[in-house]
Amino acid sequence: MFTKLEFRKREANRRELPPFAVYALGFVVIVLSVALMFSVVVSGKAAPKLAGLAAEKLEASGVENPVTAVLLNFRSYDTLLEIAVLLIVAIAVLPARSSNAAGVAHFCSADKQDVLNPVLAALLRWLVPLAILVGGYLLWTGAYSPGGAFQAGAVIAGAGVALSLAGRHEFLWHTTAARIVINLGLFVFIAVALSNALLTGTTLQYPVDYAGMLILVVEIAATVSIAAILLLLFTELKAMVDAPREGRQ
Amino acid sequence: MTQDLLYNATGIALFGIGVFGAIVAAHIIRKLIALNIMGIGVFMVLLATARHGEITDPVPHAMVLTGIVVAVAGTALCLWLTLRIRLLDDVNEGDPQR
């Protein structure tokens, strides 16, 4: 009989590589790294063909920041699929609870009985609105300088993580409201692409006059969804770790 | 040029450390961290190659931005799977024949 910890240790030791294999692998990795470094130095730089193209067509993209132009206009297909990847992971991690019990409701509930540490409460009162404001700024500034939907979503999700860690707020991901928020980004993106297809005949090639506005609409919806999905990933994984053993079957 | 070289060298070193760690580490979470370090190395090399003197190529930047988000999603999925494996391990723990 051995304890759980010893059991884990034995399991871990059994999977470890023998020393000579570790040294051999270290040697192979060093050779690989040197070869990669050599290839980077020797090959030099190819002519920046795509950079020139992107700069040339920047006028037609509706935004002034070339990275945003590539992300949401020239290669918006990538961004569409990327939001779909996030949504798929969110669905995988989402707990299989029935959604009809809660119905449409606020998906963030505050348990009033739990009294917060006053310092923590004051910090949250300042930090959360500030993070949302910074997120909005990052979203808006993405059109002109570094920033955009993903950066904004990450900052807003950070505010949610702070709320979640403080322990007073619980995010109810099985409510309809939460599901709408999670899906919003992908669905708005697809709606824009489809309506564009009906009106102009091309799915993701925006008309020059409306490109800026369409990009902003897509980015706002994407920001909301990205923030919600990142927060969902955090809170659900945390709930899985925190849950008592017997209830986790 | 030296700055580019520094970025490339750091990126490649991180990639090497990640490859080594992902194979050698016994624990799944350590493997996951090593894979993430590997990815960061690739991102650094991509960012370094995006610089062409005066002009910056926006395409690798957009790729890195997309890559970061996909890496976060992949890491979350791996963590979830790790927790599921832990859970099944706990169920089977009493069985020494495993």
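Please list A:Asp209, B:Asp57, B:Asp90 from largest to smallest accessible area, probe radius 1.4 Å, with all protein chains kept in place.
A:Asp209, B:Asp90, B:Asp57
Using only protein heavy atoms and a 1.4 Å probe, how much accessible area in total is buried between A and B, to the nearest 100 Å²?
The A and B chains share an interface burying roughly 4000 Å².
For segment A:127-249, which whole-number percentage of the solvent-accessible area (1.4 Å probe, protein heavy atoms only) is attributable to carbon and sulfur atoms?
Answer for segment A:127-249: carbon and sulfur cover 72 percent of the accessible area.
Please state the charge dipole magnitude for segment A:64-248, taken about the Cα centre, from unit charges on C-beta atoms (+1 on K and R, -1 on D and E), reported in debye and rounded to the nearest 20.
380
Taking the Cα centre of chain B as the origin, how large is its charge dipole in debye, to the nearest 20, when only Lys and Arg (+1) and Asp and Glu (-1) carry charge on their Cβ atoms?
My answer is approximately 120 debye.
In terms of modelled amide H atoms, which long-range or inter-chain residues lie less than 5 Å from the amide H of B:His52?
Excluding prolines and chain starts, which carry no amide H, the hits are B:Asp57.
For segment A:64-248, with the dipole built from +1 on Lys and Arg beta-carbon atoms and -1 on Asp and Glu ones, taken about the Cα centre, which of A:Ala193, A:Gly142, A:Val181 lies farthest toward the positive end?
Farthest towards the positive end: A:Val181.
The values are calculated or read from the model by the stated rules, or taken from the named source; none is laboratory data. Keep in mind it's a predicted model, so treat the numbers as computed, not measured. We place every Cβ from the backbone using ideal geometry, glycine too, and count neighbours over all the protein chains shown. For the accessible areas, the whole protein counts, side chains as well, though only heavy atoms, and no ligand, DNA or RNA atoms are used. Shrake-Rupley method; radii C 1.70, N 1.55, O 1.52, S 1.80 Å.
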